[in-house]
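Worksheet: one structure, shown below.
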Amino acid sequence: MEVPFVDLAAQYRAIKKQIDKAIEQTLSSTTFIGGEPVERFEKEFAAFSGHKYCVSCANGTDALEIALEALGIGPGDEVLVPAYTWVSTASAVSRVGARPVFVDVHPQYYTLDVQQIEPLLNKKTRAIIPVHLYGLPADMPAIMALAQKHNLLVIEDCAQAHGADIARQKTGTFGHIATYSFYPGKNLGAYGDAGAVVTSDKALADKCRLIARLGQRGKHNHLQIGRNSRLDSLQAAILSAKLPFLEEWTARRRWVARQYNLQLADLPIDRQQIPNDFKHVYHVYVIQTAERDRLQAYLAEAGIRTQIHYPKPLNRMTFFDTAGPRPVADKMAGRILSLPVYPELTKEQVAYVIDRIKHFFTYVV
Ligand SMILES: *Cc1c(COP(=O)(O)O)cnc(C)c1O
């Protein structure tokens with residue numbers, strides 16, 4: 001049996017009518033930049049995210065840079081980021097001229113370890129970017145308490161956490177501003193690059209829009225130096241067509257994860273622990289094992305595709321001058337493995353993955 005790591009073709013087949021209609025309408029209207037599709041998606045996504053304002057942009061990395069710039073973060077500033085995340089979280093900080101400072105991650109939750117924050121603070125620390133890694137919310141109540149105590153700005157990187165929540169409060173609504181990616185493989189994905197910034201602070205949303213739209217407010221009225229980072233209308237129409245399915249897709253991801261949680265419980269692997277009331281949306285389902293490389297090769301041989309998120313922690317990327325050891329992130333990088341966890345997985349595929357992993361730990365290692 002073949003089990004791909006993601007199956008975007010299966011997803012397209014399931015919603016082909018809605019997608020084709022959205023694309024056809026956009027092509028017929030020849031509104032390729034801005035216009036109704038973009039305005040509509042921004043409204044819909046603001047509502048989904050639990051915020052008043054959504055400023056769409058070209059991708060999730062731009063969203064981080066735009067949010068940082070809008071908050072006035074730049075040269076001379078330090079921003080705390082988790083040591084273990086996708087590179088954009090830290091490179092965006094460097095791109096606006098500030099320094100990313102790496103906070104080790106929690107050994108059970110894999111998100112930013114709140115205990116590690118205070119020793120890293122100094123007069124230059126301006127902000128913190130928690131990442132809801134793999135779809136599990138970071139400990140936002142604790143992070144916000146520290147942020148308030150030390151007067152830090154909080155940017156939530158929600159690129160992997162569309163729809164996650166803590167006690168029914170959506171991730172992305174705890175901090176001052178949140179950023180999203182709609183990269184095709186994300187829980188809500190476009191058919192190309194796409195991203196957004198969301199906030200309920202009108203002045204901040206206006207700043208983001210100015211930055212992302214060449215400093216322009218109304219045609220040919222340029223108020224500042226900006227950049228060009230737009231969500232195109234085709235992608236907006238596709239995202240609007242997909243958004244109504246997101247909740248159902250998340251429920252299916254959670255079903256797959258539940259099978260893994262139950263069936264792999266007795267094996268010598270570590271799984272991401274979930275605090276009470278935290279709702280995981282399983283952008284990625286990870287396990288940790290000392291036998292990672294052998295397990296990955298064994299599963300590949302059986303037709304099961306897995307990935308490693310991520311082989312190198314950011315604190316080991318020496319082009320960041322703040323690079324250095326972080327024990328938990330360093331250890332994770334050699335042990336982590338991502339299993340297939342998408343809505344289109346069949347019962348048979350999930351059972352097969354579980355069976356092969358059990359077989360590996362019973363007979364192979
Ligand atoms: C995907 C991702 C991004 C960047 O999004 P792009 O749309 O690929 O630029 C940022 N942060 C995290 C945690 C991500 O997973």
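The values are calculated or read from the model by the stated rules, or taken from the named source; none is laboratory data. From a predicted model like this one, the values you see are computed outputs, not experimental measurements. Backbone-built Cβ (ideal geometry, glycine too); neighbour counts: all protein chains shown. What goes into the accessible areas is simple: the full protein's heavy atoms, side chains included, and nothing from ligands, DNA or RNA. Shrake-Rupley method; radii C 1.70, N 1.55, O 1.52, S 1.80 Å.
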Completion exercise
Flagged pairs (Cβ under 9 angstrom, 6 or more apart or on separate chains; first in the stretch 4-25, closer than 11 Å to Ile238 by Cα; second modelled with pLDDT of 95 or more and among the polar types (S, T, N, Q)) are Ala22/Ser240
Completion exercise
Note on Leu68: of the conditions (1) within 16 Å of the chain's Cα centre (by Cα); (2) within 14 Å of the ligand (Cβ to nearest atom); (3) of a type in the set (A, V, I, L, M), unmet is (1)
Problem - Arg217 vs. criteria surrounded by fewer than 20 Cβ atoms within 10 Å (Cβ to Cβ), of a type in the set (Lys, Arg), away from the ligand (no atom under 16 Å from the Cβ) and not assigned by TED's automatic domain parsing to the domain that holds Pro311 - result: yes
Completion exercise
Within the stretch 155-185, residues being more than 15 Å from the ligand (Cβ to nearest atom) and touching a strand residue (DSSP E or B) at 6+ places or on another chain (Cβ under 7 Å) number 4
Exercise for the section: Test each condition in (1) within 16 Å of the ligand (Cβ to nearest atom); (2) touching a residue at least 40 places away in the same chain (Cβ under 8 Å); (3) farther than 18 Å from Phe48 by Cα for Val256 and report the one that comes out false. Expected result: (1)
Handout entry: Residues (touching a strand residue (DSSP E or B) at 6+ places or on another chain (Cβ under 7 Å), over 19 Å from Ala203 (Cβ atoms) and of a type outside the set (Val, Ile, Thr)) located in the stretch 65-100
Key = Asp77, Glu78, Leu80, Pro82, Ala83, Tyr84, Ala90, Ser94, Ala98, Arg99, Pro100
Problem - Count - residues of the stretch 222-235 that are open to solvent by 70 Å² or more (accessible area, probe 1.4 Å) and not aliphatic (A, V, I, L, M) - result: 4
Practice task
Spot the failing condition for Thr85; the list is (1) out of contact with any Pro (no Cβ under 8 Å at 6 or more places or on another chain); (2) within 20 Å of Gly189 (Cα to Cα); (3) of a type in the set (S, T, N, Q); (4) more than 16 Å from the ligand (Cβ to nearest atom), and only one is missed.
Solution key: (4)
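When you check Glu39 against the structure, is it free of Cβ contacts under 8 Å to residues at least 40 places away in the same chain and either in a helix (DSSP H, G or I) or closer than 18 Å to Arg209 by Cβ (or both), yes or no?
yes
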Exercise for the section: Look through the stretch 92-135, keep the residues that are β-branched (Val, Ile, Thr) and open to solvent by 10 Å² or more (accessible area, probe 1.4 Å), and return whichever of them is nearest to the ligand (Cβ to nearest atom). Expected result: Val96
Handout entry: Test for Tyr285: is it closer than 23 Å to Asp266 by Cα and open to solvent by less than 10 Å² (accessible area, probe 1.4 Å)
Key = yes
Exercise for the section: Scan the stretch 196-207 and report the pairs whose first residue is in the same structural domain as Tyr53 (by TED's automatic domain parsing) and whose second residue is β-branched (Val, Ile, Thr) and assigned to a helix (DSSP H, G or I), with Cβ atoms within less than 8 Å and a gap of 6+ or a chain change. Expected result: Val197/Ile66
Handout entry: Residue tally, condition touching a strand residue (DSSP E or B) at 6+ places or on another chain (Cβ under 7 Å) and open to solvent by less than 70 Å² (accessible area, probe 1.4 Å), over the stretch 265-281
Key = 5
Practice task
Answer yes if at least one residue in the stretch 45-53 is within 16 Å of the ligand (Cβ to nearest atom) and part of a loop (DSSP other than H, G, I, E, B), and no otherwise.
Solution key: no
Problem - Condition check for Ala138: in a helix (DSSP H, G or I), of a type in the set (A, V, I, L, M, F, W, C) and at pLDDT 95 or above - result: no
